[in-house]
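Note sheet for the following structure.
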Amino acid sequence: MSTQLREHVQEDGDGPTAPTDVRSDWTSEEIAFLFDLPFPELLFRAASVHRQCHDPSRIQLSTLLSIKTGGCPEDCGYCSQSSKADSGIKATKLMEPQEVLQCAAQAKDSGSERFCMGAAWRNPKDRDMPKIVEIVKGVRAMGMETCMTLGMLSPSQAEMLADAGLDYYNHNIDSSPEYYQRVTTTRTMSERLDTLSNVRAAGMNVCSGGIVGMGETREDRVGFIHTLATLPEHPESVPINSLVPVRGTVLGDILAESPVGRIDDIEFVRTVAVARITMPHSAVRLSAGRENMSEATHALCFVAGANSIFTGDKLLTAPNAGEDTDAKMLRKLGLSSGTGPCSDDVVGGRNKPRENVL
Ligand code: SF4
């Protein structure tokens, strides 16, 4: 790395890691440099950015419900809900709005302030939209932040969801553009980015992240963060999953018994830290894979800038750390639930999340 670049990335205070300096012009080389920093130095930088943009003592609790499970025509190699996978998951129909609202009410009673809903579709059909709209309106009326992941969206579908009041739309980029095409063949990275543009154009907040531990290289993790951090506007929400290998899926069968089947904890924390530094105002969410993560690794992730976790016993179809386990861990770490003061200030979009309801 050139001396000039090193100075550019290493600078603190007035440099590119300052929270007000939101950049979309990160180079791959700069991101690789951050990944390579000595671990304590990387953590220090990430924690410094984090506390300037967010309340470091608060962790947002989110709940994720599968509102339509299995039978998806896509072939994402990690996913047990793909119709190409032999994971034993039974396909279901879209849940009725009242059932979803009951689940949302339970999540709210358990302390969640964000309710995310996922449907295993390539894209929603127009005939599904009235129910989806009813669900969004109902959950939002409870005072919860809403997020949906339904697959690819057309511009008009994105408009309908925005009109219904959906706060965030999730569509992950999954990995680097290069590794992505080895994991999924039925849709392209550019189709994914088109959906993100449609969401943005409709005025909703963007939720987009990916999965690490799929057998990708460090270079792919650099490419993954680089793709997100160089979008014209950073996603307001960046979920980072650690692959949970499921037997019957392509990746699960390859990785379940393999030493590379689980990403090294320090490498996972590094990924969180680099996401935090490059996308200072985004909510960085620890998603799938927490069940096997120690409290110490969670703690390092929170120091590195993660500020949201998904609670409940299940994440769509994958096992998850339960609410009691999370509550105990947060108590032990002296952390409380909720969003910090800064994130609300910086989140834009016409459906800006409302005040913390807890
Ligand atoms: S990740 Fe989503 S799009 Fe891919 S197979 Fe699973 S449900 Fe379908």
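Every number in this text was worked out from the coordinates using simple rules, so none of it is lab data. Please read all numbers here as calculations on a predicted model, not as lab measurements. With ideal geometry, Cβ positions are generated from the backbone for all residues, glycine too; neighbour counts draw on all protein chains shown.
Count the net charge of all other residues whose Cβ sits under 14 Å from the Cβ of ILE266, scoring Lys and Arg as +1 and Asp and Glu as -1. Value of the local net charge: -1. Provide LEU335, LEU228 in ascending order of the number of other Cβ atoms located within 10 Å of each residue's Cβ, fewest first. By the 10 Å Cβ count, ascending, the order reads LEU335, LEU228.
The HN-Hα couplings worked out from phi for region 290-304 by the Karplus form 6.51 cos²θ - 1.76 cosθ + 1.60 (θ = phi - 60°) are 6, 4, 9, 9, 6, 4, 5, 5, 4, 4, 4, 4, 5, 4, 6 Hz, whole numbers, x standing for Gly and Pro.
Exposure proxy shown here: for ARG51, ARG221, the number of other Cβ atoms within 10 Å sets the order, fewest to most, as ARG51, ARG221. Within region 226-299, the GluC sites (Glu not before Pro) that combine a DSSP coil assignment with at most 11 other C-beta atoms in a 10 angstrom radius are GLU257.
Residues in region 151-157 carry Karplus couplings, in order, of x, 6, 10, 7, x, 6, 5 Hz; the curve used is 6.51 cos²θ - 1.76 cosθ + 1.60 with θ = phi - 60°, and Gly or Pro positions show x. Taking amide H as placed 1.01 Å from N in the peptide plane, the amide H of THR311 sits under 5 Å from that of SER62, THR63, LEU64, each at least 5 places away or on another chain.
This ranking places HIS234, HIS50 by how few other beta-carbon atoms lie within 10 Å of each, fewest first, which gives HIS234, HIS50.
For MET152, the residues 5 or more places off, or on other chains, whose built amide H falls under 5 Å of its own are ASN123. Around the amide H of THR249, modelled in the peptide plane, lie the amide H atoms of ASP86, all under 5 Å away and 5 or more residues distant in sequence or on another chain.
Within the set of other residues whose C-beta is less than 14 Å from the C-beta of ASP194, count the net charge using Lys and Arg as +1 and Asp and Glu as -1. Overall, the nearby charge balance is +3.
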